[in-house]
1. Residue under question is LEU341, and the condition is that it be surrounded by 20 or more Cβ atoms within 10 Å (Cβ to Cβ), under 21 Å from ILE61 (Cα atoms) and either of a type in the set (A, V, I, L, M, F, W, C) or out of contact with any Gly (no Cβ under 9 Å at 6 or more places or on another chain) (or both); does it hold?
2. Looking only at region 14-27, decide whether some residue is of a type in the set (A, V, I, L, M), part of a strand (DSSP E or B), under 30 Å from ALA283 (Cβ atoms) and touching a residue at least 40 places away in the same chain (Cβ under 8 Å).
3. Working carefully through the options ALA160, ALA150, find the one that is out of contact with any Ser or Thr (no Cβ under 9 Å at 6 or more places or on another chain), within 19 Å of TYR211 (Cβ to Cβ) and at pLDDT 95 or above.
4. List the pairs whose first member sits in region 343-360 and is under 15 Å from ARG169 (Cβ atoms), whose second member is in a helix (DSSP H, G or I) and among the basic types (Lys, Arg), and whose Cβ atoms are under 6 Å apart, counting only residues at least 6 apart or on separate chains?
5. Can you find a residue in region 64-78 that is loosely packed, with under 13 Cβ neighbours inside 10 Å, at pLDDT 95 or above and of a type in the set (S, T, N, Q)?
6. Residues to consider are SER141, SER173; find the one that is part of a loop (DSSP other than H, G, I, E, B), in contact with a strand residue (DSSP E or B) (Cβ under 6 Å, 6 or more places away or on another chain) and surrounded by fewer than 24 Cβ atoms within 10 Å (Cβ to Cβ).
7. From the residues in region 121-138 that are aliphatic (A, V, I, L, M) and assigned to a helix (DSSP H, G or I), which one is nearest to GLN71 (Cα to Cα)?
8. Out of region 237-274, which residues are within 13 Å of ASP290 (Cα to Cα) and assigned to a helix (DSSP H, G or I)?
Amino acid sequence: MTHAAPVILDIAGTRLTAADRQRLGHPLTGGIILFARNWESRAQLDALCAEIKRVRGDLLICVDHEGGRVQRFRTDGFTHLPPMRALGELWMHDGKGGPGSGAMRATNAASAAGYVLAAELRACGVDLSFTPVLDLDHGDSAVIGDRAFARDSRVVSLLAKSLMHGLLRAGMSNCGKHFPGHGFVRADSHTDIPVDRRSLKAILADDAAPYGWLNTTLDSVMPAHVIYPKVDARPAGFSSRWLNDILRHQLGFGGAIFSDDLSMAGARQIDGREVTYTEAAVAALEAGCDLVLLCNQSLDGGVAVDALLDGLAEAQLKARWQPREASEMRRLALLPHSPALPWDDLMCSPEYIHALELLP
């Protein structure tokens, strides 16, 4: 039987409980996503990550740590990274602010930001940050807003590529999000089901363009819980047309695909009806996702997490979902393949100190 571990789950506290260890040891669990509630200090985070790896060494430890308002760890030495819009603004001042501004300065600063972000996380045991945001800043989306580099897809692509170069130098993979673009719609998919009524041609020419331009650089992608009705009636993360026909075949992406959080409002209805977490996970995996996230469902004892793991195991037995070896290989490829620099060594590293000086 082909093995796959597609579930990324979370925990409620700053240390593992017996129930957490049991869930993390489940054969369908492939990783964990951390939040600010899982943070007390660098020493505690390092101990938590080590404890997770003792459960299973191949578990992928993830976090949303982009910079700006989406940065889970902010104290005990972690650098306050700028929002990505600050890098875009630096680019847009090209030729207006002297030698300290402009496009080339912005790309260098983006690489520095990626290096600092990844090196600090890896020094504490975190494997992957869900970054960079490739959404375009159309000006109407509050949930994206300054998380986006810029409005111009070319600027976004080059700054994202520079940021990903910094991540790579620190030994971390990347995740572009939210395919094919969340920036055009005003509604927030955490609390609503956004609908983008543009044509496929318009989306590919603008918001989705970075995914094609970066297809040799992106390690993973996270699709949006947004419906694009002129392309498919389902949100992108549950659409084989978006994930297989367009992202993989037309745009040439070969890495891992993560679902966005299945507990978000944008994932709670498929084909006009409310679905369980298991039904949503099966739909995402069958559409082409390699991994599925279920976040913030551990806070009440984890009943929903257990139901998802049990439900997905049952779906596999009943052949409603079949694991793919390629998906498991893509998950394993996201794990770091080089040792991390310990925190104290990082703090006196010339490369790190220089990167800090380049941040806007």
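1. no
2. No.
3. ALA150
4. none
5. yes
6. None of the others qualify; the one that does is SER173.
7. Looking at the filtered set, the residue picked out is LEU121.
8. GLY237, PHE238, SER240, LEU243, ASN244, ARG248
The values are calculated or read from the model by the stated rules, or taken from the named source; none is laboratory data. None of the values given here were measured: they were computed from a predicted structure. Cβ coordinates were reconstructed from backbone atoms using ideal geometry, including for glycine residues, and neighbour counts include every protein chain displayed.
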